[in-house]
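See structure below.
The values are calculated or read from the model by the stated rules, or taken from the named source; none is laboratory data. Treat the numbers as computed from the prediction; the structure is a model and nothing was measured. Cβ atoms come from the backbone with ideal geometry, glycine included; neighbour counts cover every protein chain shown.
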Amino acid sequence: MSRPVLVFINPASGANLAGRFMDKIKDIEGVHYVRLPDEQHTFAETYKDLLQNHELRIVAAGGDGTVNWVVSLMSKITPLDSDDWKPPIAVCPFGTGNDMSRSLGWGGGMSERGLKKAAKFIENVRTSDHIEKGDIWKIKMTRTDISEVSEKQMLNYFSIGVDADMAHRFETCRHCCRCCFCCHCMALALYVPMGVAALCGNPDLRKFTEIKVTDTDEQGVEATKTLDFKCGQKTFVMQNISSIYGGKDLWRLKIPRSHSDKKLECSIEGGSFKLGLMQLGIPTQTPLCQATSVNITTDEPCVFQIDGEADILNGPGVFEVISTGSYPFLSKK
């Protein structure tokens, strides 16, 4: 009998392509749905028996934020630091960057043509036995001026600086004026002036941050160092997987890496101009080191980005990044 599949999906995502994907596979036997956000609090009871079936496969149909969301929901059933069995997650990419999907081999995006192969996608999910664990990271954020603490989860990457500011401006504008983002070309055209504004409005990292990284060598000896930033370096990035910014990779050092080694790859970059060159395939970033934990202290409010989702810390604060466990992912490779 074919393995059961539980699809977590927001039907409106991907310009409603996700809803049409759901229509394509709704009659396939053994395929079940969790509609997000409506059923996020009820699916565990609805599919209580199915979630105990060790043949179960999960599909996160959406972008990187959806994958993060699904891992959060599943971790409430089985904690990330538990050795108990967890159903592996595959990704059907309906987001913008789709970096987790790219790193697992499921592709960089779903198109009209791809919808015709929806049944084949489900078949690939059912037949794949390539399961690999992925580290999950906790980012604890403390506003030092008002002693306010919050936490977020990271799967792919974290950044602070110009790229996060660009993403934040872009998202704010898109929510305020959706008619200006009616097509991909228009969105790209608007991204350019936002990049210029972000470049002009962001100071060098060394002027408002102190970043300490900790790593462990082959002998298990732990060492912490403070990073030294130069003039013009405006973006700090930590990668957990090999894809960022919709298929790019900042890490160019010949040091073994894995998204299950409990280490992050840390790099720095200049402003929006250099980020643009990187998108064209011209390497401008500077890989720094690997880290098992990172501590970032900021003297002023700053914008940050987690798995492509931008947010702002509205005051001086501290970011503490530590590994919090792992989750199994289903690879097409």
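Please count how many residues of region 1-58 are of a type in the set (A, V, I, L, M, F, W, C), farther than 20 Å from residue 69 by Cα and part of a loop (DSSP other than H, G, I, E, B). Number of matching residues: 2. Taken over region 145-159, the residue count meeting the criterion of being of a type in the set (Asp, Glu) and surrounded by 12 or more Cβ atoms within 10 Å (Cβ to Cβ) is 1. For residue 145, the conditions (1) in contact with a Gly (Cβ under 9 Å, 6 or more places away or on another chain); (2) in a strand (DSSP E or B) are fulfilled apart from (2).
Looking for something farther than 29 Å from residue 20 by Cβ, assigned by TED's automatic domain parsing to the domain that holds residue 120 and surrounded by fewer than 24 Cβ atoms within 10 Å (Cβ to Cβ) - is there at least one such residue anywhere in region 61-73?
Going residue by residue through region 61-73, those that are farther than 29 Å from residue 20 by Cβ are none.
The answer is no, given that none of the residues of region 61-73 is farther than 29 Å from residue 20 by Cβ, assigned by TED's automatic domain parsing to the domain that holds residue 120 and surrounded by fewer than 24 Cβ atoms within 10 Å (Cβ to Cβ).
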